[in-house]
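What follows is a single structure, written as C-alpha cells, with notes after it.
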Amino acid sequence: MQKIQLPLLNRTLDAYLYEAPSGNIRPGIIFLPDLTSIQATTHKSAKILSEEGDYNVLIPDLYSGGSSLQKYCVQFFFNTLVRNNEPAGNAPLAEFFEILDQFKELDQVDEHNIGVVGQCLTGGFVLHAAIRPEVKAPVVFHHSFGLKGSGIPKSCSSLIDHKVQGHFSYVDPMCPVWRVKQLSSELNGKLEEHWYALPHGIPHLFFNNEQGRKAFDRMGEFFKTQLK
C-alpha cells in the first residue's frame, strides 16, 4: 500500500493505493468510505480485494486536503442539490468524478474496467458512476442520499445500462425499503438486491459475522464477473 495525493480543482486529497500484485495493467476499484471516514476494515477490505482479485484499489480520504467531517458533510445536509443527489450543482459528486478520472489515468489501471463501492452518504455517487461506460462494477451499500424517490433522479436512473449490485438492511431508516424498491423499479431488472438482518453500516461488519462476510464475498464475486 502506498499513500498518494490527488490534486483536485479545489483541494489536494490524500488517498491510499493498493496495487495489483501481478504488476500488470489491471482493473481498478475505488472504495469510498462513509461518514466515519477510513477505518481499519476499509484498509483490510482493499488489501484483500487487491491481493485476491489482482485489482488496483484506491481509498480516497474525503476529509483530507483542508476538509473535515463537519466541512464535508454540511453540503449534504444544507445543499438541496446534494441532498437529492442531483447531477448538476452537486460539488461532492463533481469531486468524486475528479477522483475517478485521475484514478483512471494511473499507468497500472485499466481505464475501461472500473469498479466503485459507495456506502451511506457516498452510496449515491455509485448510482451516477453506473451511467459511465467504464464503470462495469458499481456496488452500493444502503445509499442515504438523495433523499427523494429512489435516491437518484429518474432522468439519471434511466441512463444506467450496467448491472448495479446493492446491499441493504431490512430495517434501516437511513435507506428505507421503499427507496430500494423504487430504485429497483427504475433500473428495470438491473439492480442485484441483497438483504441482511444487519444495522446500517454493512461494510464495517464484513469480518465481524457470517452475514457481513457474505456481503463481502458477494461483492468480490460481482467484481470477478463484471471486471473482465
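Condition check for Tyr18 on (1) surrounded by 21 or more Cβ atoms within 10 Å (Cβ to Cβ); (2) out of contact with any Lys or Arg (no Cβ under 8 Å at 6 or more places or on another chain): one failure, at (2). Here the range 76-90 is the region considered, the condition is being without any contact (Cβ under 8 Å) to a residue 40 or more places away in the chain and of a type outside the set (S, T, N, Q), and the residue that is surrounded by the most Cβ atoms within 10 Å (Cβ to Cβ) is Leu81. Of all residues in the range 89-116, exactly one satisfies the criterion of being closer than 20 Å to Ile25 by Cβ and among the small types (Gly, Ala, Ser), namely Gly115.
Which residues, counting only those in the range 180-205, are of a type in the set (D, E, K, R), in contact with a strand residue (DSSP E or B) (Cβ under 8 Å, 6 or more places away or on another chain) and outside any loop (DSSP other than H, G, I, E, B)?
Narrowing the range 180-205 to residues of a type in the set (D, E, K, R): 181, 186, 190, 192-193.
Next cut, in contact with a strand residue (DSSP E or B) (Cβ under 8 Å, 6 or more places away or on another chain) only: 190, 192-193.
Glu192, Glu193, listed by residue number.
Between Lys163, Lys104, Lys148, Lys136, which is surrounded by fewer than 23 Cβ atoms within 10 Å (Cβ to Cβ) and over 30 Å from Glu19 (Cβ atoms)?
Lys148
When the strands (runs of 3 or more DSSP E) confined to the range 1-55 are screened for residues that are at pLDDT 95 or above and within 22 Å of Lys228 (Cα to Cα), those reaching at least 3 such residues are found at 26-31. Pro153 falls short of the stated requirement of being touching a helix residue (DSSP H, G or I) at 6+ places or on another chain (Cβ under 8 Å) and surrounded by 15 or more Cβ atoms within 10 Å (Cβ to Cβ). In the range 2-20, the residues that are aromatic (Phe, Trp, Tyr) form Cβ pairs under 6 Å with partners that are part of a strand (DSSP E or B), at six or more places apart or across chains, as follows: Tyr16/Lys3; Tyr16/Ile59; Tyr18/Val57. Checking the stated criteria, Asn85 turns out not to satisfy the condition of being closer than 18 Å to Pro138 by Cα, of a type in the set (S, T, N, Q) and touching a Lys or Arg at 6+ places or on another chain (Cβ under 6 Å). Just wondering, is there one or more residues in the range 23-39 that are closer than 22 Å to Glu111 by Cβ, surrounded by 15 or more Cβ atoms within 10 Å (Cβ to Cβ), free of Cβ contacts under 8 Å to residues at least 60 places away in the same chain and touching a Leu at 6+ places or on another chain (Cβ under 9 Å)? So far as the range 23-39 goes, no, none of its residues is closer than 22 Å to Glu111 by Cβ, surrounded by 15 or more Cβ atoms within 10 Å (Cβ to Cβ), free of Cβ contacts under 8 Å to residues at least 60 places away in the same chain and touching a Leu at 6+ places or on another chain (Cβ under 9 Å).
The values are calculated or read from the model by the stated rules, or taken from the named source; none is laboratory data. Here the structure is a predicted model, which means the values were calculated and not measured. Ideal geometry is used to build each Cβ from the backbone, glycine not excepted, and the neighbour counts take in all protein chains shown.
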